[in-house]
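Chemist: Starting off with a structure, shown below.
Just so you know, all these numbers are worked out from the coordinates, no wet-lab data involved. Everything quoted here is computed from the prediction, not taken from an experiment. All Cβ positions, glycine included, derive from the backbone under ideal geometry; neighbour counts span all protein chains shown.
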Amino acid sequence: MNTEMTTTNPTTIEQAVTTYMAMSTNDLQTVFNRCLSSIAENIVHMAAIVRVLEGRGQDLTNVKNGMLPLLRRIGCGQVLPEIVSQFNGFPKLLRKAQALPLADQRALLGGTPIPVAFVTDKGTTHRVIAPLSMSPGEVDQVLANDHIRDIGEQVSYIAAKARPAATATAEVVVGKGGIYVTPGQERVFISVKEMANFIVRAS
């Protein structure tokens, strides 16, 4: 069966389903792979158009599309278009990957499993996980803002997350008729009478 026309002829989902029901599994896989490729190709064209239009001084602020900032970065060569087509549906991975250097973006797109650290009662271990199989928490652990963390960096990241947050302290100074409390930068005076009223209400 000719698979060339099936990617453009159906105009509604029901028409598409009817068309594809008549196709073999191999033909469907061929069309599906072609559609995936066309996503990246279309993104390249969109990014190039955005770059040319804005280079001509065209104001695109009226374009109601959340992809516009990303298209700008793709058009400038900072993000690979395949990042969008392959990681669409994985929002955390998509967001973190587009901030990485191109070499790291290519490594993720290659699908090579990445060492992911785990800290247990018995110590530190790791296992390799494919990028698309990582949980959102593992993505945060593995992908820094500008590089892919190695095992040592991941262990430090885990330790920092496990460290309890510092609690705020307040300076207290006893003065005539009450106390001065400095919880931040502003000094507050609490009189003996106010403290007594508080104790009565709390009891």
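Chemist: For residue 129, which sequence-distant residues (separation of 5 or more, or a different chain) have an amide H within less than 5 Å of its own amide H, given hydrogens modelled in the peptide plane?
Modeler: 114, 116
Chemist: Further question: By how many degrees, 0 to 90 and rounded to 10, does the Cα axis of helix 25-55 deviate from the longest principal axis of the chain?
Modeler: Helix 25-55 sits at roughly 60 degrees to that axis.
Chemist: Given H placed on each backbone N at 1.01 Å, which residues far from residue 178 in sequence or on other chains put an amide H within less than 5 Å of it?
Modeler: Here 192 satisfy the definition.
Chemist: For residue 144, list long-range residues whose amide hydrogen, built 1.01 Å from N in the peptide plane, is under 5 Å from its own amide hydrogen.
Modeler: Residues meeting the criterion, in which the H sits 1.01 Å from N, are 149.
Chemist: Sticking with this structure for a sec: Within a 10 angstrom radius of the beta carbon, how do 119, 79, 174, 17 rank from fewest other beta carbons to most?
Modeler: 174, 17, 119, 79
Chemist: Within the chain, which is the longest segment that contains none of the trypsin sites (Lys or Arg not before Pro) sitting in a DSSP loop with at most 10 other Cβ atoms within 10 Å?
Modeler: 65-121
Chemist: Per DSSP H run of at least 4 residues, take -39500 (n - 2.57); add these up for the chain, divide by its residues and hand me the 222 nm value, nearest 500 deg cm²/dmol.
Modeler: -15000 deg cm²/dmol
Chemist: Hey, how much of the P(r) for the stretch 1-78 falls beyond 18 Å, as a percent of Cα pairs?
Modeler: Summing the P(r) tail past 18 Å for the stretch 1-78 gives 54 percent.
Chemist: By count of other Cβ within 10 Å, fewest leading, how are 30, 125 ordered?
Modeler: Least to most surrounded, the residues fall as 125, 30.
Chemist: When only Cα pairs under 8 Å and 6 or more residues apart are kept, what is the percent relative contact order across the chain?
Modeler: Normalised by residue count, the contact order of the chain is 11 percent.
Chemist: Within a Cβ distance under 10 Å of residue 100, other residues only, what is the Lys/Arg minus Asp/Glu net charge?
Modeler: 0
Chemist: When we measure straight from the Cα of residue 92, which lysines land under 21 angstrom away, once same-chain ones fewer than 8 places off are left out?
Modeler: 161
Chemist: Ok, one more. At 1.306 mPa s and 10 °C, plugging the Kirkwood radius over alpha-carbon pairs of the chain into Stokes-Einstein gives what diffusion coefficient in µm²/s?
Modeler: Here the translational diffusion coefficient equals 70 µm²/s.
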